[in-house]
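The structure appears below as structure tokens.
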Amino acid sequence: MHTKQADTSKPIEVNLDEALQDKGMVMKFNGKDLSDTAKRGILNILEMLEEDKHDSK
């Protein structure tokens, strides 16, 4: 069996807000699946950081 190697000349683009909202997307951290609740929490943190970025200007 041959595995397909990724083209390392191009960075992989991931839209985090879409990926974190996708209930069908399996995301792992430390080898364990993230729950939908954990993904929502991460999305909330990212949104707070974005709001803080705009408020500090």
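The values are calculated or read from the model by the stated rules, or taken from the named source; none is laboratory data. Bear in mind that the values here come from a model prediction, so they are computed numbers and not experimental data. Every residue, glycine among them, receives a Cβ derived from its backbone with ideal geometry; neighbour counts consider all protein chains shown.
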Practice prompt. Identify, from the list Lys39, Lys10, Lys57, the residue that is at pLDDT below 85 and either assigned to a helix (DSSP H, G or I) or surrounded by fewer than 10 Cβ atoms within 10 Å (Cβ to Cβ) (or both).
Written response: Lys57
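This table checks each residue for (1) among the small types (Gly, Ala, Ser); (2) more than 10 Å from the chain's Cα centre (by Cα); (3) at pLDDT 90 or above.
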position: Asn15; (1), (2), (3): no, no, no
position: Glu18; (1), (2), (3): no, no, no
position: Glu47; (1), (2), (3): no, yes, yes
position: Glu51; (1), (2), (3): no, yes, no
